[in-house]
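Below is one structure, written out as structure tokens; comments come after it.
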Amino acid sequence: TAQLVRIKRRDLLAMDLDFGISLDAAAVTQRHTLYDSDEEEEEIGDLNSAFTISATTSAKLDGATLLVAVGPTASIFAKSYFILESEPLCLISGSDKVVQQPYTAIKNSSDDKTTVTVGEIFSVKRSVAGSPFLVCTHEKPLASQYCNIWCAKLFEFLQPETVLILHSVPVHEHFATHPRESDSGSFLCSLQSSSWQQPPTAPFLESPNTVKGEAAAVLTHCQVRGLPASLAVLYTVSSQGSAECASVFQSVLKHPLVSDTICLKSEAEANQLLKKLVPKPREDLSTLYT
């Protein structure tokens, strides 16, 4: 008797890649497949509508230099050192299911579809005339299956000429092939797309280290589309405070793409704001193990 298998098309392709199952009907005479086309189309529709971008301006944003600050450390740094407009140009929002725990919003009993703001896009004050310089702060980490969807939505709305990415991860995720000159604190490494022609933003990240999440999605998008992009990865040491870790990004401010085009806050003002924006430790966690 024929074996009836009910699977999704994407699962069938994955099985074919993983286990070498042939999709040739002549090769598998006793197996028939019923596709869950309605369910799959509904799932794709949910993913495509996972994010919305609401613009507060009608200004043309194409051709800009875009800095994407991924995570709280990079976002706090960008808000502290760059002179941003008082109000964001755009808000990126999504349902609470797109955000990783524990960043999801608390649902109200009467609202099953809580919307959370996952990012903001600001215009930066320029020191010279030219195309816009934009900063996208993305503080809340997304669930892995939504990273590429978020990235596609961002670049559907913006068409930048050059992209800078700031990202931070714990230092234990870094694999060192040889000892660094100084192992006492946080440090920066960089990756870039093949079309990047400017100086690197930091020493290159050596193999076999990898980057994941939203930062990887943005860099991959730029590589595929031929956009010049550079990713600066900050490896943070737990013994340093958040403000001290974030300040390591300062070397990016010396890059010509930044220093020659935009206005920055004074060192004293930036440090004061940096300490103010860093979230305070939760007091209820201080007695967790006592």
Which cross-chain or sequence-distant (5 or more) residues have an amide H under 5 Å from the amide H of THR236, H modelled 1.01 Å from N in plane? VAL169, VAL171
Sorted list, accessible surface of protein heavy atoms, 1.4 Å probe, largest first, for GLU87, GLU173, GLU120 is GLU87, GLU173, GLU120
Can you list the HN-Hα couplings for the range 206-219, worked out from phi with the Karplus curve (6.51, -1.76, 1.60; θ = phi - 60°), rounded to whole Hz and with x for Gly and Pro? 7, 5, x, 5, 10, 10, 10, x, 5, 4, 5, 4, 5, 5
Non-local amide H neighbours of CYS90 (under 5 Å, H modeled in plane, Pro and chain starts lacking H): which ones? THR56, ILE121
At 1.4 Å probe size, what's the solvent-accessible area of LYS265? Round to the nearest 10 Å². 50
Once ARG225, ARG126 are ranked on solvent-accessible area with the largest value leading and a 1.4 Å probe, the list reads ARG225, ARG126
Using a 1.4 Å probe on the protein heavy atoms, what percent of the accessible area of the range 123-197 belongs to carbon and sulfur? 51
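Sort LYS276, LYS140 by heavy-atom solvent-accessible area, probe 1.4 angstrom, most to least.
Details: LYS276 160, LYS140 65 Å².
My answer, sorted largest first, is LYS276, LYS140.
Any of LYS153/LYS212; LYS125/LYS212; LYS79/LYS275; LYS79/LYS125 with alpha carbons more than 21 Å apart? Name them for me.
Going by Cα-Cα distance, LYS125/LYS212 fall outside the 21 Å limit.
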Leaving out ligands, DNA and RNA but keeping every protein chain, what accessible area does HIS138 have, in Å² rounded to the nearest 10, with a 1.4 Å probe? 0
The ³J(HN,Hα) series, computed from each phi in the range 137-148 with the Karplus coefficients 6.51, -1.76 and 1.60 at θ = phi - 60°, rounded to the nearest Hz and given as x for glycine or proline, is 8, 10, 8, 8, x, 8, 4, 4, 6, 9, 4, 5
Report the calculated FRET efficiency for GLU87 and SER207 (r = Cβ-Cβ distance, R0 = 51 Å), to the nearest 0.05. 0.75
Go through the range 66-72 residue by residue and turn each phi into a ³J(HN,Hα) via Karplus (6.51, -1.76, 1.60, θ = phi - 60°); whole Hz please, and just put x for glycine and proline. 10, 10, 9, 9, 9, x, x
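The values are calculated or read from the model by the stated rules, or taken from the named source; none is laboratory data. In this text, all values refer to a predicted model and were calculated from it rather than measured experimentally. Here the Cβ is made from the backbone with ideal geometry for all residues, glycine too, and neighbour counts use every protein chain on show. What goes into the accessible areas is simple: the full protein's heavy atoms, side chains included, and nothing from ligands, DNA or RNA. Shrake-Rupley method; radii C 1.70, N 1.55, O 1.52, S 1.80 Å.
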